[in-house]
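The values are calculated or read from the model by the stated rules, or taken from the named source; none is laboratory data. Since this is a predicted model, take the numbers as computed values, not measurements. Backbone-built Cβ (ideal geometry, glycine too); neighbour counts: all protein chains shown.
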Amino acid sequence: MSWYQKYARNQRTLEDIAEEIGMSKRNLQRKFDKLCVFTGEVQAVKPGTSVVVTMDATNIGNNRMLTVLRDTQKKNLYWSWSKTEKVEHYEKCLKSLVTLGYSFSAFVIDGRKGVRQMLERKYLNTPIQYCQKHQIEVVKRLIPKRARTQAAQYLRSITIRISIFLEVQISTALEIWQILYGELLNEKTFHSYSTTLRKWWYTHKNLRSAFCSLKRNLFYVFTCQKYPSLSIPNTTNICDGYFSHLKDRLNRHRGLSPLRKFNMTNFLLENF
């Protein structure tokens, strides 16, 4: 197992390890294939153990979606495999953790509406933190850096300061923005020469979408400030950063079969 650890985690090649231990590359690969590199077991904890859970999913390749739940100590609490990212997969993982004795003091999610609704339904009154980074990226996609209107530039500048300002400051800034530019949100462009297409649409639809997204999620974006004693992360970087390191290790072994890649990923998830 120690040689497999060097192969998977320390990013050494099969040729390198085979030469060191005096074995052919093919025989070494066969030996690794026979190893039970991961147990698949998740240890039970003392009933009532409360954790702040950060949840996210990523595409590992080979039509495999990996859903991971981590705590603030950067420990993988649970993970599952699927073909797509669905709310039911998060729900299943959380249910498994409850069976193992965990309870949840807060959740950190990437902003999926369905996940939030599921958490509010299943875990009533448990704080939910939207990832501030994801909220900023949503607005950035809708409003480019060199926006044409002053209203869009102002709204973008408010958004990129979410991570360094207090909720009351952002809320006040949005109220001021709405007083100054709110009429743009309902401005319409009418279609005058065709009856088969829509007769009208919002002139500044991206601006409207960005503002509505901010107003709709504002309550959840600053949950971390409302419960300082829980030390809730303000982003899902605990998962995002881990995914980057995980994929970097996997990419060092390009050409792995789907099964070998699956086994290596589970080994890394279970041990590191």
Yes/no for THR189 being modelled with pLDDT under 95 and either farther than 19 Å from LYS140 by Cα or basic (Lys, Arg) (or both): yes
Qualifying residue in segment 143-150 (condition: assigned to a loop (DSSP other than H, G, I, E, B), surrounded by fewer than 17 Cβ atoms within 10 Å (Cβ to Cβ) and in contact (Cβ under 8 Å) with a residue 12 or more places away in the chain): yes
Any chance THR203 is of a type in the set (S, T, N, Q) and touching an Asp or Glu at 6+ places or on another chain (Cβ under 8 Å): yes
Of all residues in segment 25-43 being loosely packed, with under 12 Cβ neighbours inside 10 Å and part of a loop (DSSP other than H, G, I, E, B), the one that is modelled with the highest pLDDT: CYS36
Elements of type strands (runs of 3 or more DSSP E) contained in segment 59-123, each with 2 or more residues being closer than 23 Å to ILE136 by Cα and touching a helix residue (DSSP H, G or I) at 6+ places or on another chain (Cβ under 7 Å): 64-70, 102-109
Set ILE179, ILE232, ILE164: member being assigned to a loop (DSSP other than H, G, I, E, B), outside the structural domain of SER50 (by TED's automatic domain parsing) and of a type in the set (A, V, I, L, M): ILE164
Those residues of segment 46-70 which are without any contact (Cβ under 8 Å) to a residue 40 or more places away in the chain and either under 14 Å from VAL98 (Cα atoms) or loosely packed, with under 13 Cβ neighbours inside 10 Å (or both), in sequence order: ASN63, LEU69
Matching entry among LEU207, LEU250, LEU256 (being more than 21 Å from the chain's Cα centre (by Cα), aliphatic (A, V, I, L, M), more than 30 Å from SER50 (Cβ to Cβ) and in a helix (DSSP H, G or I)): LEU207
Filtered residue count, segment 1-39, keeping only those that are closer than 14 Å to ARG252 by Cα and of a type in the set (Val, Ile, Thr): 1
